[in-house]
Each structure stands twice: as structure tokens, then as C-alpha cells.
Amino acid sequence: MVESLYIHVPFCVERCHYCAFYSTKADQPAKADGFRVALSREIEQSAASGGMAATLRTVYFGGGNPCFDGGRTVAAVLSMPCIRSRIGFETEVTVECNPESADMHTLQQLISSGVNRLSMGLQTTNDKLLTLIGRRHTYADFQVALSRAREAGFRDISADLIYGLPEQSISDWRIDLERIAALDLEHISCYALKIEEDSKLHDMICSGEVPAPDDDLQAEMFELASGVLAAKGYEHYEISNFAMEGRRSRHNLVYWQGGDYLGLGPSAHSRTGRCRFWNESSLDAYIQASTQGETTRHLIALGISDWIMEIAMMMLRTSQGINNEIFARLFGISPVSVMNEKLQEYIEDGLMDFDKGGIRLNERGFLLSNRIISEILTFSYNLDS
Amino acid sequence: MGYNIKKLRNFCIIAHIDHGKSTLADRILEFTGTLSKREMQEQVLDKMDLERERGITIKAQSVRLNYTAKDGVEYVLNLIDTPGHVDFSYEVSRSLAACEGALLVVDATQGIEAQTLANVYMALEHNLEIIPVINKVDLPSAEPEMVRKEIEDVIGLDASEAILASAKEGLGVEDILEAIVKKIPYPKGDPDAPLQALIYDSHFDPYRGAIAYVRVMNGTLHKNMKIRMMSSNRDFEVDEVGVFKPDMTFFDSLSAGEVGFVAASIKNVADCHVGDTITNAARPAKEIVPGYKKVLPMVYSGIYPIEPNEYEVLRDALEKLQLNDASLVFDPETSLALGFGFRCGFLGLLHMEIIKERLEREYNLSLLITAPSVIYTIRKTNGEEFTIDNPVKMPPAQEIDVISEPYVKLEVLVPTEFVGPVMELCQLKRGIYQNMQYINPTRAMLHYEMPLSEIIFDFFDALKSRTKGYASMDYEYIGSKPGDLVKLDILVNGESVDALSLISHRDFAQARGRSLTAKLRKLIPRQMFEVPIQATIGNKVVARENIAALRKDVLAKCYGGDISRKRKLLEKQKEGKKKMKLIGSVEIPQEAFLAVLEKEE
């Protein structure tokens, strides 16, 4: 039974240049209505099927822009009896929003619906860069939105930053970091820019309009972020995530610690045990199927080795890494049994730490995590038989 | 119809690639009713997939056709297919020896090409009656009169009765058949004389053994006859004789002038030498059919399985390919860098490419191929003389007195506006100018002598790109000449990678070293440590590049939906790693080894 819900709200005014998440233009009220109806049906069915725990630990609204309609969709979902009855004092309810959507009315609507965590997309404090990447706000707008959020009563606020943006220098980034560090946010996410094939930036790079990201510069920026934020007291608890004490994103930790979650809405993914299922990335199909009492859900079951590999891979993204006890409880084996001799090499090279509790990547290891993880995970015997 | 030598006509089709040989052959088969339209799978004679894809013929099969001419007489026509590439010129010459005539097919929009010329000259040397056919006259850009004149001026053939045809549209086919019957002489030979049958090709049949394709010159070949291969004096007993129609059709005998096949439980195609003479063991002929020679490989390469445990599969595959290809030679070889593999000899680059493709496609092998090498003759200072087919076998410079390399006589046919760039290219490639002739005001033929190693090192591509694709070339081995040659070694992270070594002319060595190290720097992925790449001649470093250590390899975002994608990426990465070879502690991908084969900028 899942204790974590993810709701995908696929509407945006306009797509940012780096984005490849599923979303459509938020200019058809009828579509939005259709979506809300289909979403509530999907939620009711999931609740009725017995897959949802009596009390949810986390609920997360992402997208697109979940606040595209002033918070109406969020409020509607949270007021559904099957949801409201499952939200307790301890439930973390997160909603993503953009500074330009964060007007007082919306924020109050969210608060009164039971949202207790806000994640705002800032990306950079440099207005020129904001325009370049297709954002529709300035840094000043963000600062205003932030103070409004505090006023509305939010005590758990996170901001997203992206580094390695086209034409962004290391000093630009340092300024971003220093500014954001001074804002007393509870949580900060710092992402290295990745060029997605379906994004506008991809085309801009192919046409030569902007230069491609520089891996080495991004490495430097990562290190700078670690340093600046650590000095301010943030815990670097996942490759791209920093939090004050007690303020980690509980919802995201479910992804990284092998927990189960249910995804609702078009393109949303779910995980229960070894099952993986997801809805198609099409709003029209989602709505259409719903009117016929069906879903656009696809399902696969992972083989044992794939399952273990996936969870191990996720755990290694966190500073806690793979905890021996938790791993043993999940799989009945110890983490080292799915690793090869490279583990020793990486420990000696100062990229990983190993003790009684478990195995983890350290700061240096985070930067090379793809390479390290793909090298050390191995299966010396066929677990699928 | 009973045997009547006067009613036989043996002919082949000479044409440049894509000038329409196969289509014409199809039409002839259709017209004579040999195959109905329904039975025709386009271009029947090119049975192998690869042959079809590349539009070339590799096996020279024959087809027997029955044709009732306009005069009401029934003739037996044997169409003998010829391989169409310079790599296989010996096979071409033996196929020509089986004929009395040839259709010379020239594309009306392209005119004569270098290879056509080479084959026509060969046909003339064999005294074949040549019937010019100007094909593709249906195309808007066709210029039949210009081509007619070219044929007369360049080859010196009377083209006044050249047949205008369009194989695609079926135009002119009857005229061609009539011309074959009227102009090509019937074969001369005595069916009662001692047997002399020329083997002009062969293939391996798993049930019947090696099948020899033969033209009976004199005498008669019977079932159950004891035959002798005159080059090796080995005897075999004939199980079957017959003709291709194009499927195997069995006869009791084949007599002088006829073309067909012999099956005699021959275990090995290697026992069926192209150009050899088959005779009656009980009543042997005194002489062989002239023109026989042993075919030698010109180009050598190391072939290695990427996964060491596929070595056996590779060996079996090579053995199976050799069943049908007596000109493929291979021997086991070891490389410090690549492990266990084979040194393989090919007739030329096309032959090598074909073998490589067949190995990868038919046997599902992932292979590493080292740079192709010609055979060098070395005379050491101590007087020792030997040949090498692998750069690593070259002794240290101070021990070498003379190195000789194979040279070829090169002919390039090119539109006049490109003569300059082509001469430049040939000079660049150490070509020695011989002469030039103008075929007509718009086309020239250049003659050079050039080292074979320069030709196999991307000459053909460079030629095509400098002439916008219009040039064509042909070459023939003429012997060895000494050269100022050195061995270029590549070191990755301080370790010499023997599979990347090559032999080059001293003047080019440094430039090649620079180009190679630059390519390798791009192709070898960054490792967790810095990797220097060096090119050396002896102890001297002539080029150096550095691959900086990897600083970042991380997936920034990994939430709900990203997880499956990431897991699949991980699996792909693992698959990709299998295609890497670990040299010391550096992982080198397959592409890097192939870089040595690539075109130079």
C-alpha cells in the first residue's frame, strides 16, 4: 500500500527552454476541466482499489505548473474525501509553483487546502539568463513571491537553481549561490543543466545560437555549490539537493530509498514493489480513456536483478547511501554482494566511504556517480532463476 | 535438342557497376523463357544478399538459355557471369577464357569507365568477339551517339552496329540475342579429343562438395568418369555433370564447347583451383588450358573478436567462408592489445570489406579489424630476407637494409576538369606519372605507378571526393620496389598498442601520427585519470595528444519517471562496455581501432 502520491498537472503558460517534462499549453479551460474530472476519477479509483494507505506520508504536485489555475486543481484534489481523510498532521504536502503564479490569493488557497511545503522554480538570479532560458519572471519577482509565501504562512520553502546555463560564468553562479544562501530557505535544489532532446535549448545549441554546456565548468560549479551551501549549514543529502536539518524532501526520499509511490495524471510514474507502471504522456488520451472508464496505464514487473540494481542505484544518490540493514530487509542480501572489486578501488581513490552501516558516495564521488555506479554494480549469479 | 557445337554460343557481359548488366541479364532470361516473369526475383544471378546490395557479382555462375532465332534455328546460349571488381581480375580473366564473345554494355548517360576499359582490353586479349550495347537509352540524359563514338575512338571497336537498348524497358533485347547468334563464333573444340575442361569458378555445396564451374574445351565429360586436376594431379570421380538453368539441371555428359558444372565429391574448394584444367585420368590431355596462375592475397588485416570467448565462433566462421572462397587465407595470430585472432589475406579492400560484413552479419560477430597492410619484403643487414604481412613483425630500423613494397599500375578515368586535382592526389600518394591520354575532349585517362599501400589507405574515397564522384579507377600489381618506410607505433597511457601500428613512408609518418593521435583523442572516452596518446617512430615521439581526466559524469535529476530511464541507460552503458577493449587500464572502444582505417582529412 502506497503512502506517497505524486500528481502531475500538465499545464504551462509556455514551456521553458530546458524543459522536457510532459505539458500542454494552459489556454483551453475546457481541457483543464476535462483534466480535473479525469484526475479525480483516477484518484477515487485508486483509493477504492485498496492500494492507498490509511494515512499518506507525502503528497506532491508537480508538472507543468500545478498553480496554473490559481490553485484550483490542487484545492480540488486535497478536498476530495478520499484524500482529505488520508492527510494527517505529519503528511508532507508539496506543491511546485513559479514566481509569476505565486500571487497572494493562490498562496492562501494552497495554505488553506493543506499544502505545507512550497517548491519554487528560480533557476537563476541573473535576469538576462532568465530570459535566455525562457523564464517569465525576474529575480525581483521571485523575492516578492518568497516574501508573500512567508506571509501566507509557508514555513517549508524550497527553490530550484540550474547551473551550467549557456553563457553563465563561474562568477555568475557564485552570485546566485550567495544570494540564495542569504534567503534563509529551508531547502535548495541545484541541477546541472542537461540538454534534453525535446527542448528548445537543444535546437538553440544545434543551430549554434548558444554554446553547448561545458562538463568541466559544471564540475567546478557543483563543487562551488557544495562549498557555499555547506558553509551556510545545508546538508548535501542527495546529489542535487540541500536541506537544513529536518527539512529534507520526504517525498523525493521515497524515490531514492526504494519506497513505493503512486503517480496520478498523464505521464506520472508509479512503483510498488517490483512493479512499475505509468500513464501515457498524453492529456487527450488520459481524458478520453477516463470517459470510457479506462486508463492509459502501462505496467511492467522487474526481474529481481533489475529491481535490486535500480534501488541500489537510487540509494547511492543520497549521502546516506546504501544502508546495510535496510538493504537486507528489502532484498535479503548485503550490498557488497552486488558489487565488484571496483568498490575497493573507489574507496581507495577517495570517492566512496565504507563502514559498518553501509556504503556511500562522498562529495567527490557524487560528481562521478554515473561512472562509478555503472562500474561497481554487478551480479555474480543470476538472481532471476 | 541434341549436341551440336555449331549451335552453341558462349558469351559474358562486360559492364561497369550500375551500367545495367544484371538488369540486362534478367531481360535475356525472361525473353528466352528461361524463367517466367513470376519466377524472376529481380536480378536472379546475384544470389547473395551482399551482392545484391552492392550491385556486384562475386560468384561467376553461368546460365544456359535456349533461343530460337529469327531464322527459326534453335541455339543454345551460355551466359557466363563475371565478377565485376578489380579485386577479382583473375576470376574475370578465367571467365572470359570460357567465352567466345562478350556484350559490352555501356551506360548511355555515363560513357566508358576505367573498369569497363580494363575488362574490354582483357576480352580483346582473349580474342573475344565484342558486341557493343548502349544501355539506358530511354533516359533523358542519354547520349548514345557520343558513347558510340567513345567506343570507336577509345577502344577502336567498330560501333556502327552497336545495339541501342534499355534493359529496364526491355528494349533491344531481341536485337542483342540476334547479334549473339550472328556475330559470336561458335566454340571450336573436338568432342572426341582427350578431355580439357577449364575451371573458371566454383562454390561449395554442403551435400555435393565443391562444385566446379567448367567450360569444356576439348573432349567429353561423363558421369562416373575419373577426372584429374592437372595443377595438383589429384583424381576425383564425377558424381554429376550438368548445366545451370539457372538452377542445377543434370546431364549425362558435357562436350567440347559446352559450359556447366561438375560435382565430384571434392571436399574443398581449395582443390578446385580457378583456372585449372580438368582432364580424364584414364586418358589425360597433354597440355593444360593456358592462363592458369595461383592467386595471391594482396592485402592483409588482423581480425579479432571483441569478446575473447567468441574466438572459436570466429574461427568456425572463417572456415565456413573459406569453403566458398579459396582466395581467403587466414592464420591464427596474437596481439598484445587484442588477444587471440587471425591474420587474414584478401585479394583487395573490397574483398576484405565483404568478408568483414559477412562475418558480422551472418555470424553475428563483433569484430575489431586492424589497419590493412600490404606485404613488405625485408632484407636485413645480416642478409636475411623475408616478407611480413603485419607491421608488428617489422624488425628494428637499424637491422633493416632494404624494405620493398608492392606497386601497381594505376589507371584513372576522369572528366578533364578534374585532371589537375587527380594528378595532385596521385602525386601526394607517391604516384609516378606515366602518361595521359584524352579519350575525348571531355575525358582523360591517367596512367600512374603507385605503391599499393597508398591505394588501400583511402585513395578511392579521396579520388571520388576530388572528382565529385565522376572518376573511376583500375589497377594491376606489377611488382615490388624499395621504399623509405618506417613503422609508426601508437602508445596509449604509455603502453604500445600493437594493433594500431602501421607502416608508412617516412615523409608521411609524422602527419599520419598526428592525424591518428588526434582521432584517438576524440574516440577514446575520458577515463578517471589523464591519458596521454603518443605516436612514435622508433624511440622518437612524433605526435602527442592528451585526454584530460573525467571530472563530471552525473545525472542531476532522478525522480519518479526518470528512474526507469536511468536503469535502461545503465544497461546500455554496460552493453557498450562490452564493445570496449581494456588496454592497460584504459578502455578503448571498437571505433577507435577502426579509426586507423578512416579517411584522412
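The values are calculated or read from the model by the stated rules, or taken from the named source; none is laboratory data. Predicted, not measured: the structure shown is a model, and the values here were computed from it. Here the Cβ is made from the backbone with ideal geometry for all residues, glycine too, and neighbour counts use every protein chain on show. What goes into the accessible areas is simple: the full protein's heavy atoms, side chains included, and nothing from ligands, DNA or RNA. Shrake-Rupley method; radii C 1.70, N 1.55, O 1.52, S 1.80 Å.
Quick notes on this structure:
- Most positive-pole-ward Cα, B:367, B:561, A:162, against dipole of the protein assembly as shown from beta carbon charges: B:561
- Here chain B is described by how far its Cα atoms reach on the three principal axes: 84, 71, 57 Å, from widest to narrowest.
- Signed unit charges on C-beta, dipole axis of chain A, positive-most listed residue A:147, A:82, A:208: A:82
- Amide H contacts of residue A:96 (H built 1.01 Å from N, under 5 Å, at least 5 apart or other chain): A:61, A:119
- Cα gyration tensor, the stretch B:277-329 - rounded (a/c under 1.5), prolate or oblate: oblate
- Entries of A:25/B:568; B:429/B:574; B:293/B:320 with Cα pairs more than 32 Å apart: B:429/B:574
- Karplus (6.51, -1.76, 1.60) ³J(HN,Hα), θ = phi - 60°, over the stretch B:16-33, in Hz, Gly and Pro reported as x: 6, 3, 6, 7, x, 4, 5, 4, 5, 4, 4, 5, 5, 4, 5, 4, 7, x
- Computed about the Cα centre, the dipole magnitude for the stretch B:454-601 is approximately 960 debye when only Lys and Arg (+1) and Asp and Glu (-1) carry charge, each at its Cβ.
- Averaged over the residues of B:568-575, the number of partner chain Cβ atoms lying within 10 Å of the residue Cβ comes to 3.
- Straight-distance candidates among the aspartates and glutamates for linking to residue B:566, with alpha-carbon spacing under 15 Å and chain neighbours fewer than 8 residues away dropped: A:196, A:306, A:310, A:375, B:553, B:575.
- Spin-label zone in the stretch B:457-483 - amide nitrogen under 20 Å from a point set 7 Å from the Cα of residue B:397 along the C-beta vector: B:482-483
- Cα pair count fraction exceeding 26 Å, expressed as % - chain A: 56 percent
- Cα-projected label distance for residue A:299 with residue B:417, points at 7 Å along beta-carbon direction, nm: 6.8 nm
- Between residue A:275 and residue B:578, the FRET efficiency estimated from the beta carbon spacing at R0 = 30 angstrom works out to 0.55.
- The stretch B:74-129, Cα convex hull volume normalised per residue, Å³: 93 Å³
- Taking a straight line from the alpha carbon of residue B:393, these lysines sit under 21 Å away, with near neighbours fewer than eight places off in the same chain left out: B:380, B:481, B:487, B:540.
- In this calculation the C-beta distance from residue B:234 to residue B:125 is compared with R0 = 25 Å, giving a FRET efficiency of 0.25.
- For A:256, A:278, the ranking by accessible surface with the largest value first comes to A:278, A:256, using a 1.4 Å probe.
- By the rule of a C-alpha distance below 26 Å, with chain neighbours fewer than 8 residues away ignored, the lysines paired with residue A:356 are A:342.
- Every Cα-Cα pair in the protein assembly as shown was counted, and those over 55 Å apart are 39% of them.
- Sequence of B:186, B:448 from largest to smallest accessible area, 1.4 Å probe: B:186, B:448
- Kirkwood hydrodynamic radius (C-alpha pairs) into Stokes-Einstein, the stretch A:1-95, 25 °C and 0.890 mPa s, D in µm²/s: 176 µm²/s
- Relative packing of peptides B:539-552, B:486-499 - highest average C-beta neighbours within 10 Å first: B:486-499, B:539-552
- With both labels modelled 7 Å from their Cα along Cα-to-Cβ, the residue B:18 to residue B:377 distance reads 3.9 nm.
- Note, ³J(HN,Hα) from phi for the stretch B:144-158, Karplus 6.51, -1.76, 1.60, rounded to Hz, x at Gly and Pro: x, 5, 5, 5, 4, 5, 4, 4, 6, 6, 7, 8, x, 9, 6
- Shape of the stretch B:262-399, Cα gyration tensor, a/c cut at 1.5: oblate
- Estimated FRET transfer efficiency when R0 is 22 angstrom, pair residue B:188-residue B:226 (beta carbons, to 0.05): 0.25
- Using a simple spin-label model with pseudo-atoms 7 Å out from Cα toward Cβ, residue B:70 and residue B:340 lie 6.7 nm apart.
- Sorting the Cα pairs of the stretch B:112-160 by distance into bins of 10 Å, from 0 upward, gives 24, 55, 19, 2 percent per bin.
- Rounded if a/c under 1.5, otherwise prolate or oblate - the stretch B:500-601, Cα gyration tensor axes: prolate
- Rounded to the nearest Hz, the phi-derived 3J(HN,Hα) couplings of the stretch A:360-367 under the Karplus curve 6.51 cos²θ - 1.76 cosθ + 1.60 (θ = phi - 60°) are 8, 8, 9, 3, 5, x, 3, 4, where x marks glycine and proline.
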